[in-house]
Structures are given as C-alpha cells and as structure tokens.
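Values quoted throughout were computed directly from the atomic coordinates according to the rules given, and no laboratory measurement underlies them. Values in this document were obtained by computation on a predicted structure and should not be read as measured data. So basically every Cβ, Gly included, is an ideal-geometry build from the backbone, and we count neighbours across all protein chains shown.
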Amino acid sequence: MEAEKAACYAGRVIERAKIKGFAAFALLFAAALTACHKEEQAVAGVANSAVTAEHKAQAAATLRDRQRAALANIPLPTKSLYVDIHEPGAWQNPFLSVEANSLNLRITIADANPSTLGQGTMLRPEAARRQELQINPADLADAVVALPAGAWRYGRVIAVAEAPGANPKDRVKVRRNVEAAIQQLNDLGIVVEEWPGR
C-alpha cells in the first residue's frame, strides 16, 4: 500500500511538474508573441514616421524651389550701387531689422512716375513710398518673395542689422534670429549685406 501511495504521489508530482512546465512554456510563448507584435508595431510606427518626414522634406524643398524661381526674375546685386551707403535711411533695397521675437522689413517702393520733375519734393516724397512690415521669423521667406520687383533697386541684396532698441538681455536671442534670417535668405539665393548693430 505504501508503494502504491508513493507511486501515486510521484505521479501527481510529475503531473504537477508537467503542468507547471507547460503553463510556464505557454506564458513564455504568449509573452514572446506579444513582444514580437509590439516590436512589429514599433517598426511600423518608425516606418510611417520616416515616410511622413520624407514627404514633409519634399514639400519644403518644392516650396523653396518655387520661392527661388520667383526671385530669379530679380537680377543679381550690383555692389557698386550700394558700396558707399552706410546709413539705413539711405538704403534703397529691403532692409531687415532683427528683434528678439520679430523682424521689421522696411521697403521703399519704386516711384511710378519715370519723370525726374518734382522727384523727392513735396509732390513726390520718398517717405510716402516707404513701408515697414513687422513679420514673424518663420514668415520671412514668404514676405521676401511677395515683395514687388521695384523694391530691389540694387538687385537681389538685403541689408540685415540687429534692432537698435533691442534689450541687452535679449542679445543672444537677437543674434540667433539674425543668423537664422541670414540662413533663410541665403537659401533663397539672396545676398545679405550684414550691417553692424548700433
């Protein structure tokens, strides 16, 4: 009887061990299957992100190419026309004054009257043709492309300077904005004449 109990007990222990081993294997298999599924989802997510980033890059390149094509109608700059100009008020091309959070774009529209009679007098003041636009740094390329051809008297060149009234605490941010603006303008094929801050 003792032998039968021992054999029965050993059989139960073996069955329990088999059941525990089978349960552990099933859990391990389920965990591996779940991990593989999550890995597939992660790979699919990364692939979708890469495709989206590629589409955005292509769209940005296409937009930049269209902007460059629009500016190609403006001739290259003639440095002899502006080499002796050292005052922002005398600059006839677009002038960009950079602040910490915005950009001021000053343009002077060409005189519609080709006659020299009365030019610069009260009848045809130059200040009436001068406009100043405050824009976000992200909108710089769109704003420059939208400028009329008559605003580019010296050719495709823009003067860039730090705003004279900028807070000294914002100097680093202003300088970063100046460098970002110069980069954007150069990407468009525009020559930048950087003026010292005042």
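Worth pointing out:
- Förster-model FRET efficiency, 22 Å R0, E179 and V83, C-beta, rounded to 0.05: 0.40
- In nm, spacing of pseudo-spin labels at K56 and R130 (7 Å Cα→C-beta vector): 4.1
- For segment 173-187, the Karplus equation 6.51 cos²θ - 1.76 cosθ + 1.60, evaluated at θ = phi - 60°, returns couplings of 5, 5, 5, 4, 5, 4, 5, 5, 5, 4, 4, 4, 5, 5, 4 Hz by residue, with Gly and Pro reported as x.
- Using θ = phi - 60° in the Karplus curve 6.51 cos²θ - 1.76 cosθ + 1.60, the 3J(HN,Hα) couplings for segment 147-154 round to 5, x, 4, x, 7, 10, 5, 8 Hz; x is entered for Gly and Pro.
- Here the Karplus relation 6.51 cos²θ - 1.76 cosθ + 1.60, evaluated at θ = phi - 60°, turns the backbone of segment 165-170 into coupling constants of x, 5, 5, x, 5, 8 Hz, with x for every Gly and Pro.
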